[in-house]
Structure formats: C-alpha cells, structure tokens
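Enquirer: Handing you a structure now.
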Amino acid sequence: MNLTLHIWRQKKATDKGGFATYKLAGVSPDSSFLEMLDQLNEEILAGGKDEPVAFDHDCREGICGACGMVVNGVPHGPQELTTTCQLHMRKFKDGDELWLEPWRAAAFPVVRDLVVDRGAFDRIIQAGGYISVNTAAPRDANEIPVPKTDADLSMDAAQCIGCGACVAACPNASAMLFTAAKVTHLGVLPQGQAERGPRVLAMVAQMEAEGFGGCTNHGECESACPKGIKLEFIARLNRDYLKAAIGGREAAQQRTVRR
Amino acid sequence: MSGKTLALRDTTIGKKAIMAVTGVIMVGFVTAHMIGNLQAYSGREVFNAYAAFLHGLPGPLWAARLVLLGSVIAHAWAAISLVRQNRAARPVRYQVKQTLATTYAAKVMPLGGLILLFFIVYHLLHFTTGHVAPGEFRGWQDAYHNFVTGFQVPAIAGVYVVANIFLGLHLYHGVWSMLQTLGINHPRYNHWRKRAAIGLAVVVAGGNISFPIAVLAGVIK
Ligand code: HEM
Ligand code: FES
C-alpha cells in the first residue's frame, strides 16, 4: 500500500506546531498502525534530515491506553472498540490520505508531535480513585458478597484504560466519561461505599481544576471509546455527585471553596 | 481525600443541574402554554374567557411570572458560563474532525437558546405589552383579536414558525439531556427517554406552529 500522511509536528509544548506531509510506500496491509509509523520513522532516520515522529505506545495490545492519536478526525482511527495499536492497515485503502493529530485539549498539553501529557487523568484518580483497606493480614477474596449484577457493572466501568479518547472526541474536551468510569467502578461495590461521597466530590473538583469542559450529552465519547464505556456511567456520576453535593453529610463537613 | 470541594454552582455538573431544573420548569410552562392556547380553535369567547380567568388570579399569575423569569436568567447564566468553559477546553481545533454520534439538535443548543431568548423578549413585547403589535392592541381583554391580527401578518407568522422549530429542536435534545444530567437513567427505561423527548418536542412545537398557520389559512379568524 502507498499512503500520504499529514502528521502534526511540534517540537515542544510551547511551539506552535504544524502539519508535515510524508509519502510512505510499500506498507503491508498486515502491519499494525503503529508498525506503519515505525516504518515511516525508519525511513525518516535513514534519510538523516528530519527527526522521527514521536508517538506514545507501550503495551501494543490494547490495554495500557498510551497509544492514542486522532486519525482522520476519529480518536484511535476508524475501527470501533479498537485502540490505535490494535488497528491494522487493512482497514485502509491503497492511496489513502491520512491526517494524524494529537488529542486536542487544554488539559492535555502536547509534549511532542502526537504525544500529549495525560497527567490530568492521574491527578483525578489520585484525588479519590481508591478505597481504603487493611492490608496487614491476607483477606479472604469472598469475605464480602457482591451481587453479580454489581460486579458486572463494576467490571464494565473498570474496562477504562484511561487513553483519553473520550476527551479527544468530545466537542468540549470533557473528561466526564473517564471520571464517570473511575467513580463507578468503585462506587457500585460494597468496598467502595465508605468513601463514596467524598470520592465523587474530590474527583469532580480535580476534574474541574484540570480545565476540561462540561458534558453536553452529544455521546461522541461513547462512540470513540475503545473499551465501550457507556454514557450510562455519566448519568451515574451525575447522580452520585448531586447526591453527595446536595444531601451528603461529607459535603457539609468538607471545606467548600469557590473558584 | 482532600478536604476541598467546589460549590455546586462552580462545577460543570452543578451548572448543568441548574440548567436541567430550570429547564423542567420551562418545559412545563411551554407545554401548558401550548395546551392553553389550543382554546383559540374554540373561538373568541372561549379564548378571551381563558385570558380573563388567568388575569383573575393575580397572585398565582405573578408567582409564575417571577419563577419563569428567574428560570430564564439562571438557565441563560449557566448556558453562557458552560459554553465559555467548553470553548476554552479546546484551544486548538482539529484539522479534520468527524462526528460519530451527535445530532443537529445537540449542536444547535447554544444558538437555539439564544434565538429563544430573543424570541421570548419579542413575544412579550408583542402579546403581553403590545409594544410591537401590528395595528390596534386590545390587551388581554381581547387577546383573541391580538392573536388573529398578529398572525395575519405573514412576517410575524414566519417569526413564530421559525422560533418554534428551534424550540422543538431545543426540547428534543434538552428533555433527553436533562434526564441524563439529573442521573435519571435505567437500562430498562432508557429507550423511552428519547421517545418522550421526540414526542414532547413534536407536540409542543407542532401545536404552537399550528396557530399562525391556522390564522393564515383562515381557520382561526
Ligand atoms: C433563555 C434562553 C435560552 C438559552 C440561552 C438556552 C440555552 C441552553 C443551552 C446552551 C443548553 C445546554 C445544552 C447542552 O448542554 O447540550 C440548554 C439546555 C436546556 N434547555 Fe435551554 N436555553 C434557553 C431557553 C430554554 C427554554 C425556553 C426551554 C424550555 C422550554 C429550555 C429547556 C432546556 C432544557 C430542558 C435543557 C436541558 C438541560 C440539561 O441538559 O440538563 N431552554 N439550553
Ligand atoms: S499501546 Fe497500550 S493500548 Fe495501545
């Protein structure tokens, strides 16, 4: 396959950046999308003039969430429920023109080329995405019974790999789907109840502080999510948040700050 | 967990909840307003008697007006604040962007809302105060006369038709969206949320649009 690639090039966060166009020949339809970029980088290195294109990746098996980029206007490219690393070139046609862009969000500054800093997600999790357990002695795994439907719901939410495609797809660069998944996967389990109110208040406060937009219920995030996280979780987040913020005792005890 | 949380009105979720609650109030109003106006089809006496009935209850009338005014202000304030925050969240736009799920109704919410705001002001100046009524304005005592003479002007009828198309779009996305905002979501009933939104949007906007058309067609005269 022969391809024309328009790739966002930006040396560092403070640079303006812009698109550069590359022609790449002899791409195997069996190669993965990232292998195609590896091939491009080898050619760039062999040419000796340009610097290779920086893109994030780690597991290359769809579970770490590192590899996101926007391909022709869709986060992670055209295949549903698939991360960029799991995308194959047979999804494209010979002669295709591809536009590769980093996630665009004020909260995800570009580090270089297609790599963005998703540290905002880590800080949202640090604000409350945990439970407190005694770890001194080993606990029996089935000590606390969990209804199967709750366990399934929690596991569905826990599918989130924190890749940021939801933010990239959202017209408002909102992190609601991510935060909803993280709040839900603990909030529906018995072990998550103790901190349920403070957790959602703290995680939402951090989400706001990072400069993400709000949810306008377009549903773009759900369609772009490689792990099938559902909009239903955003309704749950809203419910949990409103319950804790309006009726929760924790909210009354915590210091409420105005921005 | 950190001891700091934000006040409800300072989070996007809280602002959306304000929009949803004020939205419910306004949805209730536009629905009742449309149903009340259907009495125009029963002729001058019935319609004017309805107007007289409402004005015979100054207490509830003014209470409703104040609640609605507060709702419009709070709704518009939250809308402006959210739109600004949402724009700021994406300072660099995509060169190529495809949408996968959204609807025209969802995209046109801010513009439609702005149109509705202008329309509400115009509508009050037209039928409530009479400042921009064409020809003779006879107050609520002969609301039927104002109704018919207003809509006999094609340009005015057109304004009402267009504004109500935007009202329908606003209601379609808004009603569904408000249920989601308030966390009203259940797998067994979710498919009803969009159906209810479409139904309400079509009935309310359709009813309202029928009035100027009925006048122009000579059905109401
Ligand atoms: C006064 C002028 C108005 C403005 C500027 C305005 C603007 C907006 C905006 C920007 C949204 C948010 C859309 C989104 O998040 O996707 C919205 C939502 C909504 N609007 Fe309005 N609107 C106005 C009037 C109205 C009226 C007259 C009604 C009812 C008849 C209404 C009902 C709603 C509802 C139910 C929602 C959904 C709230 C939610 O998603 O939680 N709005 N409006
Ligand atoms: S590289 Fe880990 S998900 Fe793609």
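Enquirer: Quick check on the stretch A:118-258: take the gyration tensor over C-alpha atoms, sort the square-rooted eigenvalues as a ≥ b ≥ c, and tell me if it's rounded (a/c under 1.5), prolate or oblate.
Expert: Values: a/c = 1.78, a/b = 1.25, b/c = 1.42.
Judged from the Cα gyration tensor, the stretch A:118-258 comes out oblate (a/c at least 1.5, b/c at or above a/b).
Enquirer: Moving to a separate point now. With a probe of 1.4 Å, find how much accessible area the stretch A:3-112 has per residue, and write the answer as a whole number in Å². Don't skip to the end; give the middle numbers.
Expert: On the way: 5140 Å² over 110 residues.
I get 47 Å² per residue for this part.
Enquirer: While we're here: How shielded is A:71-78 by partner chains, expressed as the average number of their Cβ atoms within 10 Å of its Cβ atoms? Show your work: numbers first, answer last.
Expert: Numbers: counts 2, 4, 7, 5, 2, 0, 0, 1.
Averaged over the peptide's residues, the number is 3.
Enquirer: Between A:ASP15 and A:ALA106, what is the label-point separation in nm under the 7 Å Cα-to-beta-carbon projection?
Expert: Taking the two extended label points, one gets 2.5 nm.
Enquirer: At a 1.4 Å probe radius, carbon and sulfur cover how many percent of the accessible area of chain A? Mind dumping the intermediate values first?
Expert: Details: 5810 of 11500 Å².
Accessible surface attributable to carbon and sulfur in chain A totals 50 percent.
Enquirer: How large is the convex hull of the C-alpha atoms of the protein assembly as shown per residue, in Å³?
Expert: Details: hull volume 94.5 nm³, N = 480.
In the protein assembly as shown, the Cα convex hull volume per residue is 197 Å³.
Enquirer: Here is a follow-up. Quick one: with all protein chains in place, what share of the accessible area of the stretch B:78-200 is carbon or sulfur, to the nearest percent (1.4 Å probe)?
Expert: Details: 4460 of 6580 Å².
Answer for the stretch B:78-200: carbon and sulfur cover 68 percent of the accessible area.
Enquirer: May I ask you to derive the FRET efficiency for B:ARG87 and B:TRP140 from their Cβ-Cβ distance with R0 = 51 Å, giving the value to the nearest 0.05?
Expert: Values: r = 42 Å, r/R0 = 0.83.
Result of the calculation: an efficiency of 0.75.
Enquirer: Which value, in Å², gives the accessible area per residue of the stretch B:106-189 when a 1.4 Å probe is used on the protein heavy atoms? Could the numbers behind the result be given before it?
Expert: Working: 4050 Å² over 84 residues.
Solvent-accessible surface per residue comes out at 48 Å².
Enquirer: Which whole-number percent gives the relative contact order of the stretch B:2-216, counting Cα pairs below 8 Å spaced six or more residues apart? Mind dumping the intermediate values first?
Expert: Details: 176 pairs, mean separation 56.1, N = 215.
It rounds to 26 percent for the stretch B:2-216.
Enquirer: Charges on Cβ only, +1 for Lys and Arg, -1 for Asp and Glu, centred on the Cα centroid of the protein assembly as shown; of A:SER223, A:ILE144, B:VAL83, which one is farthest towards the dipole's positive end?
Expert: B:VAL83
Enquirer: Could I ask something else about it? Only four residue types carry charge here, +1 at the Cβ of Lys and Arg and -1 at the Cβ of Asp and Glu. Report the dipole size of the protein assembly as shown about the Cα centre in Debye, rounded to the nearest 20.
Expert: Values: 46 positive and 36 negative charges, 297 e Å.
Dipole about the Cα centre, nearest 20: 1420 debye.
Enquirer: Enumerate lysine pairs in the stretch A:3-112 that are 8 or more residues apart or on different chains, then count those whose Cα atoms are under 23 Å apart. Mind showing how you got there, number by number?
Expert: On the way: A:LYS11/A:LYS23; A:LYS11/A:LYS49; A:LYS12/A:LYS49; A:LYS16/A:LYS49; A:LYS23/A:LYS49; A:LYS23/A:LYS91; A:LYS23/A:LYS93.
Eligible lysine pairs with Cα atoms under 23 Å apart amount to 7.
Enquirer: Then there is this: Could you please state, rounded to a whole Å, how far the C-alpha centre of the stretch A:164-228 is from the C-alpha centre of the stretch B:140-208?
Expert: 31
Enquirer: Here's something else I'd like to know. In the Gaussian network model of chain A, springs joining C-alpha atoms below 10 Å, which of A:ALA20, A:ALA168, A:ALA158 carries the largest mean-square fluctuation?
Expert: A:ALA20
Enquirer: Hey, another quick one. In the neighborhood of A:CYS225, defined by Cβ-to-Cβ distances under 13 Å, what is the net charge if each Lys or Arg adds +1 and each Asp or Glu adds -1?
Expert: Details: positive: A:LYS227, A:LYS230; negative: A:GLU80, A:ASP156, A:GLU220, A:GLU222, A:GLU232.
Taking every other residue near A:CYS225 into account, the sum is -3.
Enquirer: Using Cα pairs under 8 angstrom and six or more residues apart, how large is the relative contact order of chain A, in percent?
Expert: Values: 452 pairs, mean separation 48.8, N = 259.
Relative contact order of chain A: 19 percent.
Enquirer: Using C-alpha positions alone, give me the convex hull volume of the stretch A:87-154 per residue in cubic angstrom. The partial results should precede the final answer.
Expert: Working: hull volume 15.0 nm³, N = 68.
Dividing the Cα hull volume of the stretch A:87-154 by its residues yields 221 Å³.
Enquirer: Taking the Cα centre of the stretch A:118-258 as origin, sum charge times position over the Cβ atoms of Lys and Arg (+1) and Asp and Glu (-1), and report the length of that vector in debye to the nearest 20. All intermediate terms of the calculation are to be shown ahead of the outcome.
Expert: Working: 15 positive and 14 negative charges, 68 e Å.
Here the size comes out at about 320 debye.
Enquirer: Using only the Cα atoms, work out Rg/Rh for chain B, with Rh taken as the Kirkwood radius, to two decimals. Spell out each step's value before the answer.
Expert: Numbers: Rg = 19.9 Å, Rh = 19.4 Å.
The Rg/Rh ratio comes out at 1.02.
Enquirer: Can I ask one more? Between A:MET176, A:MET36, A:MET69, find the one with the highest GNM mean-square fluctuation for chain A; connect C-alpha pairs within less than 10 Å.
Expert: The residue that fluctuates most here is A:MET36.
Enquirer: Taking the Cα centre of the protein assembly as shown as the origin and placing charges on Cβ (Lys, Arg +1; Asp, Glu -1), which of B:TRP62, A:GLY129, A:ALA20 is farthest toward the positive end of the dipole?
Expert: B:TRP62
Enquirer: Moving to a separate point now. For A:VAL146 and A:ALA25 in the same chain, what is the full-extension length gain: residue separation times 0.36 nm, less their Cα-Cα distance, in nm? Mind showing how you got there, number by number?
Expert: Values: separation 121, 0.36 × 121 = 43.56 nm, distance 5.42 nm.
Length difference between fully extended and current span is 38.1 nm.
Enquirer: Turning to a different aspect of this structure: So between B:ALA63 and B:ARG9, what do we pick up on full extension, going 0.36 nm a residue minus the alpha carbon distance?
Expert: Numbers: separation 54, 0.36 × 54 = 19.44 nm, distance 2.43 nm.
Taking 0.36 nm per residue and subtracting the Cα distance, the gain is 17.0 nm.
Enquirer: Further, regarding this structure: Have a look at B:PHE127, B:LEU100, B:GLN39 and report the one farthest towards the positive end of the charge dipole of the stretch B:1-146, computed about the Cα centre with Cβ charges (Lys/Arg +1, Asp/Glu -1).
Expert: Value: B:LEU100.
Enquirer: Place a +1 charge on the Cβ of each Lys and Arg in chain A and a -1 charge on the Cβ of each Asp and Glu, then give the dipole magnitude about the Cα centre in debye, rounded to the nearest 20. Each step should come with its number before you reach the end.
Expert: Working: 28 positive and 32 negative charges, 217 e Å.
Value, rounded to 20: 1040 debye.
Enquirer: Also: On full extension of the chain, what length is gained from B:VAL202 through B:TRP77, given 0.36 nm per residue of separation minus the C-alpha to C-alpha distance?
Expert: Taking B:VAL202 through B:TRP77 to full extension adds about 42.3 nm, to one decimal.
Enquirer: On a C-alpha basis, how far is the centre of the stretch B:1-61 from the centre of the stretch A:37-65 in Å? Whole number, if you could?
Expert: 57
Enquirer: Can you check how the C-alpha radius of gyration of the stretch A:3-112 compares to 2.2 N^0.38 Å, as a plain ratio? Spell out each step's value before the answer.
Expert: Values: Rg = 13.5 Å, N = 110, 2.2 N^0.38 = 13.1 Å.
For the stretch A:3-112, the normalised Cα radius of gyration is 1.03.
Enquirer: So what is the relative contact order for the stretch B:94-210, in percent, with contacts set as C-alpha pairs under 8 Å and at least six apart?
Expert: Values: 88 pairs, mean separation 30.0, N = 117.
In percent, rounded to a whole number, it is 26.
Enquirer: Compute for chains A and B the buried accessible surface, both sides summed, probe 1.4 Å, and express it in Å² to the nearest 100. Intermediate results must be reported in sequence, preceding the final value.
Expert: On the way: alone 13660 and 13750 Å², together 22910 Å².
Chains A and B together bury roughly 4500 Å² of accessible area.
The values are calculated or read from the model by the stated rules, or taken from the named source; none is laboratory data. None of these values were measured; they are calculated from a predicted model. With ideal geometry, Cβ positions are generated from the backbone for all residues, glycine too; neighbour counts draw on all protein chains shown. Only protein heavy atoms, including side chains, enter the accessible area calculation; ligands, DNA and RNA are left aside. Shrake-Rupley method; radii C 1.70, N 1.55, O 1.52, S 1.80 Å.
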